[in-house]
Amino acid sequence: MLRLIDRPGQHALLRVPPSTRAVVSWNTGAPSGGIALVAHRADGTVSEPLLYARWSPGERRSLDGCDAKTRIAVDVMRSDVALTAIGVASTVELDAVAVAVPPPPDARVIARERTAPLDVPKLSQHLPKFPDEHGWCSAAALAMLLRYHGVRTDVATVARAVYDASYAGTGNWAFNAAYAGACGLRGVVAYLRGMDHVAAFVDAGLPVAISIAWNRGELPGAPLEQSDGHLIVVRGVEPEHVLVNDPAQPAIATRYPRTALDLIFREHGGVAYLVAPRARTAELVALANGQPPPPDPVSDAKIAGAS
C-alpha cells in the first residue's frame, strides 16, 4: 500500500493500514535538509520526532531514530505496535512525500501473462575505474531507470549521490528515490505483490527496479550463487521468463525463470523503486495500489470535444 502527498510543504501526516513496517520516501530539490518521522500507533501512543535522514551537497546520512516501541533501521521503520499513520517533519520544502507498507497476505492484482519489452539502457555495476566497488547494484539499477526517462547520468555519479555515510553503502532505498526526485522525476519506494504487479508497470511503459535475495539454486542463471540483497531492473515479462537488466551480469540484459524470480522477490519483501515523470504521479500511485490508473484528462477532453 502506497500513500503519497504532492507538495506537502515541510509537514505531512500519512495514514496507513495498520502495519509494523513502513518505508518513507521523499522528493525535493533542496540541496540540504533533514527529516524526522513521528510514529502514530494502534495503541493510541505517538512518538516524539524520530530522526530519519540528513543530507547536504557533501554527505547523506541515515540517522536511525528510535523510541521504546518504534525504531528506524537505515530506511525501514519497524514498530512493536502497529503503525496507523506517520508524520513527516522536514527542514525544507518537499516536492512529495510517500509512505509504503507491505500489502496484506491475500492482496491480489490482475494476472498478466506477457508485456512488450522496454528499451532500458544497459549499465554495469562493475566499472574499470572503480575496481574495488562491488556493491553498486542499486546505483546502477537507478541509473538505468533515470536514463530510460531521459536523465543523462552514469553509475558513478548516482553512486556518489545516494551514498549513505552511516550505512556505508549505496543501497539506502529512500536516498535512491530522493535522487530520482532531485533529477526532476517522481521517485518512490513501494512494496509490490509479485511479478504480475511489476508487469502492470512495465505494461504502462515504466520499468521497475526490484530488490531480491536468493540462496544457492533458487535463481537459475544468476551471476552469484547467493545474495543477501541485489537490485535489478525488470523491462519485460513473458509467460515463463522475466526480461531484466541485471547490472551484475556480464551482458547486463538477460532473463530469469518467472516462477523463481517471483518467489525470491516476494520472500525478500517485494520492495521496488518506482520512477516516472511527475505528470504521471497519480498513475504511479494507482498502479502501486493495484488499482486502474485515473483517466487522462487530456484524452477525456478530446473525447468530449469529438461528440
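Summed over region 190-201, residues that are crowded, with 24+ Cβ neighbours inside 10 Å and either closer than 15 Å to residue 76 by Cβ or touching a Ser or Thr at 6+ places or on another chain (Cβ under 6 Å) (or both) total 2.
Of all residues in region 65-123, those that are of a type in the set (Gly, Ala, Ser) and under 30 Å from residue 252 (Cα atoms) total 3. Of all residues in region 163-178, none satisfies being touching a Pro at 6+ places or on another chain (Cβ under 8 Å) and of a type outside the set (Lys, Arg). Within region 86-110, the residues that satisfy the criterion of being buried (at least 17 other Cβ atoms within 10 Å of the Cβ), touching a Lys or Arg at 6+ places or on another chain (Cβ under 6 Å) and aliphatic (A, V, I, L, M) are 99, 109.
Residue count for region 162-184, restricted to those that are in a helix (DSSP H, G or I) and in contact (Cβ under 8 Å) with a residue 60 or more places away in the chain: 10.
Read the figures in this text as sums done on the coordinates, not as results from a lab. Keep in mind that what you see is a predicted model, and the values were worked out from it rather than measured. As a convention, Cβ positions derive from the backbone with ideal geometry for all residues, glycine included, and neighbour counts pool all protein chains shown.
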